[in-house]
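The values are calculated or read from the model by the stated rules, or taken from the named source; none is laboratory data. If you're wondering where the values come from, they're calculated on a predicted model, not measured in any experiment. FYI the Cβ positions are ideal-geometry reconstructions off the backbone, even for glycines, and counts take in every protein chain you see.
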Amino acid sequence: MIYENLPDARGHFGPYGGRFVAETLMLPLQQLEDAYNQLKNDAAFRAELDRDLALYVGRPSPLYPAERLTKKWGGAQVFLKREDLNHTGAHKINNTVGQALLAKHLGKTRIIAETGAGQHGVASATIAARLGLKCVVYMGADDVQRQSPNVYRMKLLGADVVPVQSGTRTLKDALNEALRDWVTNVDDTFYIIGTVAGPHPYPMLVRDFNAVVGREVITQSQDMLGRQPDALVACVGGGSNAIGLFHPFIGNETVKMYGVEAGGDGIETGRHAAPLSAGAPGVLHGNRTYIMADANGQISATHSISAGLDYPGVGPEHSWLKDIGRVNYVSVTDDEALAAFHECTRVEGIIPALEPSHALAYAKKLAPTMSRDAILVVNLSGRGDKDIFTIAKREGISLT
Amino acid sequence: MTRIKAVLQALKANGRKALIPYITAGDPHPDHTVGLMHALVKGGADVLELGVPFSDPMADGPTIQLACERALLHGTSLWNVVEMVAEFRKRDTTTPVVLMGYLNPIEARGLDAFAAYAKAAGVDGVLIVDVAVEEAPEIAPCLRAHGLDCIFLLAPTSSAERIAAIAHEASGYLYYVSLKGVTGAATLDVGSVAAKLDEIRAQTDLPIAVGFGIRDAASAAAVARIADGVVVGSALVSQIEKHQNEAQKLPELLRAQLAEMRAAIDDVAVPERLAS
């Protein structure tokens with residue numbers, strides 16, 4: 001399939017992607033691309049990465065048969081890809097381990113990262129601690145408030161957490177600030193972008209580092225079930241966990257894929273974070289992709305109960321997969337995600353993060369439409385410990 | 001000949017350097033922008049750079065980001081900015097105006113519609129910060145077809161190949177970013193800027209304006225010795241921020257601030273390279 005070879009040499013996925021940044025960043029991006037292209041086929045680099053993924057991250061993560069959810073929902077057999085069991089509790093570490101190895105090979109001594117929910121910030125701080133690198137994490141001031149446990153974790157790991165006060169004080173503003181830091185300190189600093197957005201080569205390399213998730217599912221499904229899944233479901237903010245699961249399956253057209261965006265209060269209210277469902281193509285953070293913007297092209301404030309999905313853009317590869325119809329992009333509301341959070345917690349004894357709770361909420365709708373021998377894999381991209389304060393607050397429960 | 005080329009050629013013929021102030025349109029309020037543009041011309045501006053506010057100005061520092069936020073608070077749109085230029089043109093038909101901004105607000109209105117509207121209003125050039133030369137083939141020809149100059153950034157990190165490619169796409173002048181960083185950042189190393197300008201001049205005859213890090217008369221003069229033009233942005237925008245609540249004072253304050261730089265630049269009017 002032709003789309004398996006994307007992006008093209010200029011970092012384009014069809015009309016999306018590219019490198020829309022000021023001239024100052026062009027050289028470091030080119031150097032990163034060159035280094036990655038050289039190292040990705042280097043046997044020693046691959047071996048080092050595989051070793052880290054096995055011994056530090058704890059891969060492979062299980063493909064868990066959620067028998068009670070299956071029974072409750074009625075329909076397809078539901079399997080959960082347990083990315084929540086990774087070190088640091090989410091899929092984000094797959095990418096940070098990979099990019100940190102790149103940083104090491106490039107001789108950089110300082111790591112910067114942006115974070116929304118804090119999972120990517122924690123993963124970056126973690127790997128920086130292990131490699132003895134300095135780490136600065138940019139985080140929207142509002143997100144610092146709603147994700148305080150992760151802020152503290154990052155500080156324990158030795159990172160500086162910088163609350164970003166500009167703009168909407170969320171993930172997009174943290175990304176702006178991290179780009180500014182990078183352009184200023186490019187000589188010694190490696191910018192670990194946490195999602196499949198940003199300028200080329202980031203959407204490609206973050207995808208490649210997360211694709212281990214989909215590759216494992218291919219093997220696990222074959223070993224456990226003797227065949228491949230019928231459908232995959234993953235939440236989409238920037239879209240790194242989704243692309244990680246989807247990418248190895250893209251050429252296998254018998255596998256249906258569903259990317260679940262944050263519908264917030266409901267698409268019709270305008271208070272959501274669902275650019276693929278309700279946005280239009282534009283340019284943000286160095287790439288052309290679906291974004292949420294007003295008629296004047298100003299980026300819109302987004303809303304989601306989940307800080308990790310609260311982003312007005314999405315990785316350019318998702319935009320391409322939407323346009324060619326390979327992936328179905330849908331949305332669920334805050335309330336639906338919250339209900340799925342509780343259901344998974346009570347029924348399976350697994351506390352999911354609010355981000356994959358969106359995927360669970362959609363899987364709950366999808367499973368009953370499928371036959372009982374069908375296989376449905378949900379990417380449980382992170383654990384929900386970080387979210388318990390948000391949930392308690394929303395439900396009027398005081399924890400202090 | 002375009003208005004930009006005419007002005008820069010005339011300056012060069014007289015051994016003078018261009019002074020190019022930047023302000024963000026709509027800051028502190030859209031009603032003040034045209035008056036500030038005239039004040040900057042009175043203070044000695046040769047070319048005006050007018051920023052189009054954007055919600056996510058990732059190549060700019062905090063000073064210009066805050067200016068964008070002030071302008072957006074009053075709903076300053078791309079179309080408003082073009083209309084400000086049309087208003088400015090009623091009293092000034094000679095000073096070139098360059099719009100500087102990000103791609104998304106332009107594409108939201110349609111590149112072709114924007115170029116036509118801007119040209120008709122009297123805009124002379126466009127600098128789209130997040131369009132580097134790689135993405136320019138889809139954008140620059142449209143701007144050129146409407147008679148707008150395409151201004152591009154060059155950076156300390158631009159390779160010889162990139163300089164050649166950028167010089168090929170650019171017209172009007174080249175904007176050399178004097179340091180690694182965002183607008184409004186600190187320290188300017190004149191020696192390394194001079195070396196890079198020699199490298200750029202080996203590949204192009206386009207005039208080179210230098211910006212980022214020029215905050216006062218002394219740094220303006222230092223840059224004027226080696227460049228064809230001096231861009232002053234954050235220093236003026238900081239003044240606007242400081243006096244945003246007494247906007248009636250701003251025209252005179254900005255005029256005076258720029259006039260100091262004008263005098264300092266004109267003192268070094270005959271550069272070493274002409275004298276030697």
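Out of (1) surrounded by 22 or more Cβ atoms within 10 Å (Cβ to Cβ); (2) more than 14 Å from chain B (Cβ to nearest Cβ); (3) of a type outside the set (A, V, I, L, M, F, W, C), the odd one out for residue A:70 is which?
(1)
Please give the helices (runs of 4 or more DSSP H) falling wholly within the range A:84-153 in which 2 or more residues are in contact (Cβ under 8 Å) with a residue 40 or more places away in the chain and among the small types (Gly, Ala, Ser). Before you say what the answer is, go through the steps one by one.
On the way: elements: A:92-105, A:119-131, A:141-146.
Helices (runs of 4 or more DSSP H) meeting the threshold: A:92-105, A:119-131.
Among the numbered criteria (1) more than 18 Å from the chain's Cα centre (by Cα); (2) touching a residue at least 40 places away in the same chain (Cβ under 8 Å), which one does residue A:398 miss?
With respect to (1) more than 18 Å from the chain's Cα centre (by Cα); (2) touching a residue at least 40 places away in the same chain (Cβ under 8 Å), residue A:398 is out only on (2).
Show me the helices (runs of 4 or more DSSP H) found entirely inside the range A:266-358 where at least 1 residues are more than 14 Å from every other protein chain (Cβ to nearest Cβ) and farther than 21 Å from residue A:198 by Cα. Before you say what the answer is, go through the steps one by one.
Values: elements: A:275-278, A:316-323, A:334-348.
Passing ranges, in order: A:334-348.
Residue under question is residue B:223, and the condition is that it be surrounded by 20 or more Cβ atoms within 10 Å (Cβ to Cβ) and modelled with pLDDT under 95; does it hold? Walk me through how you get there before you give the answer.
Values: surrounded by 20 or more Cβ atoms within 10 Å (Cβ to Cβ): yes; modelled with pLDDT under 95: yes.
Taking the combined requirement at face value, the residue satisfies it.
Within the range A:285-301, take every residue that is touching a residue at least 24 places away in the same chain (Cβ under 8 Å) and under 17 Å from the mean Cα position of the chain (by Cα) and give me the one that is nearest to residue B:71 (Cα to Cα).
Across the range A:285-301, the extreme among qualifying residues is A:285.
Scan the range A:221-242 for residues that are buried (at least 24 other Cβ atoms within 10 Å of the Cβ), polar (S, T, N, Q) and in contact with a strand residue (DSSP E or B) (Cβ under 7 Å, 6 or more places away or on another chain) and report the count.
1
Which residue, of A:152, A:191, is in contact with a strand residue (DSSP E or B) (Cβ under 8 Å, 6 or more places away or on another chain), away from chain B (no Cβ under 11 Å) and among the aromatic types (Phe, Trp, Tyr)? Walk me through it before giving the result.
Numbers: A:152 fails: in contact with a strand residue (DSSP E or B) (Cβ under 8 Å, 6 or more places away or on another chain).
Exactly one of A:152, A:191 is in contact with a strand residue (DSSP E or B) (Cβ under 8 Å, 6 or more places away or on another chain), away from chain B (no Cβ under 11 Å) and among the aromatic types (Phe, Trp, Tyr), namely A:191.
This table checks each residue for (1) within 14 Å of chain A (Cβ to nearest Cβ); (2) touching a Lys or Arg at 6+ places or on another chain (Cβ under 7 Å); (3) hydroxyl-bearing (Ser, Thr, Tyr); (4) part of a loop (DSSP other than H, G, I, E, B).
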residue: B:167; (1), (2), (3), (4): yes, no, no, no
residue: B:175; (1), (2), (3), (4): yes, no, yes, no
residue: B:197; (1), (2), (3), (4): no, no, no, no
residue: B:223; (1), (2), (3), (4): no, no, no, no
residue: B:238; (1), (2), (3), (4): no, no, yes, no
residue: B:253; (1), (2), (3), (4): no, no, no, no
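For the list (1) crowded, with 17+ Cβ neighbours inside 10 Å; (2) within 20 Å of the chain's Cα centre (by Cα); (3) under 30 Å from residue A:254 (Cβ atoms), I need the number of the one condition that residue A:62 fails.
That leaves (1) as the condition not met.
Of everything in the range A:194-233, what is in contact with a helix residue (DSSP H, G or I) (Cβ under 6 Å, 6 or more places away or on another chain) and either within 14 Å of chain B (Cβ to nearest Cβ) or among the aromatic types (Phe, Trp, Tyr) (or both)? Give them in sequence order.
If the condition is that a residue be in contact with a helix residue (DSSP H, G or I) (Cβ under 6 Å, 6 or more places away or on another chain) and either within 14 Å of chain B (Cβ to nearest Cβ) or among the aromatic types (Phe, Trp, Tyr) (or both), then A:199, A:201, A:209 are the ones that fit.
Please pick out the residue among A:286, A:313, A:308 that is within 19 Å of residue A:142 (Cα to Cα) and modelled with pLDDT of 95 or more.
Matching residue, one of A:286, A:313, A:308: A:313.
Give me the helices (runs of 4 or more DSSP H) completely within the range B:93-150, filtered to those with at least 3 residues that are within 13 Å of chain A (Cβ to nearest Cβ), ordered by residue number.
Details: elements: B:103-109, B:111-121, B:140-145.
Filter on the range B:93-150 gives B:103-109, B:111-121.
Just to verify a result, which residue in the range A:154-179, among those that are of a type in the set (D, E, K, R) and in contact (Cβ under 8 Å) with a residue 40 or more places away in the chain, is nearest to residue A:110 (Cα to Cα)? Break it down into steps so the answer makes sense when it comes.
Going residue by residue through the range A:154-179, those that are of a type in the set (D, E, K, R) are A:155, A:160, A:169, A:172-173, A:177.
Subset that is in contact (Cβ under 8 Å) with a residue 40 or more places away in the chain: A:172, A:177.
Details: A:172: 22, A:177: 16 Å.
Out of the qualifying residues, it is A:177.
Name the one entry in A:23, A:33, A:67 that is modelled with pLDDT of 95 or more and within 20 Å of residue A:202 (Cα to Cα). I'd like the intermediate steps shown before the answer.
Working: A:23 fails: modelled with pLDDT of 95 or more; A:67 fails: within 20 Å of residue A:202 (Cα to Cα).
None of the others qualify; the one that does is A:33.
When you scan the range B:124-142, how many residues do you find that are of a type in the set (A, V, I, L, M) and in contact with a Lys or Arg (Cβ under 9 Å, 6 or more places away or on another chain)? If you could, list the steps in order and put the result at the bottom.
Taking the range B:124-142 first, the residues of a type in the set (A, V, I, L, M) are B:126-129, B:131-133, B:136, B:139-140.
Filter once more, so that each one left must be in contact with a Lys or Arg (Cβ under 9 Å, 6 or more places away or on another chain): B:132-133.
Within the range B:124-142, residues that are of a type in the set (A, V, I, L, M) and in contact with a Lys or Arg (Cβ under 9 Å, 6 or more places away or on another chain) number 2.
State which residue pairs qualify: first residue facing chain A (nearest Cβ under 8 Å) and inside the range B:58-78, second residue part of a helix (DSSP H, G or I) and charged (D, E, K, R) in any location, beta carbons under 6 Å apart, and separation of 6 or more residues or different chains.
Within 6 Å, the pairs are B:78/B:109.
Quick one: in the range B:151-161, which of the residues that are more than 8 Å from chain A (Cβ to nearest Cβ) and among the aliphatic types (A, V, I, L, M) is surrounded by the fewest Cβ atoms within 10 Å (Cβ to Cβ)?
In this case the residue turns out to be B:160.
Within 15 Å of the chain's Cα centre (by Cα), crowded, with 24+ Cβ neighbours inside 10 Å and not hydrophobic (A, V, I, L, M, F, W, C) - does that describe any residue in the range B:104-125? First the steps, then the outcome.
To start, the set of residues in the range B:104-125 that are within 15 Å of the chain's Cα centre (by Cα) comprises B:123-125.
From the residues that got through so far, the ones that are crowded, with 24+ Cβ neighbours inside 10 Å too are B:123-125.
The next check asks that each one be not hydrophobic (A, V, I, L, M, F, W, C); those that pass are B:124-125.
Within the range B:104-125 (the criterion being within 15 Å of the chain's Cα centre (by Cα), crowded, with 24+ Cβ neighbours inside 10 Å and not hydrophobic (A, V, I, L, M, F, W, C)), the answer is yes, since at least one residue qualifies.
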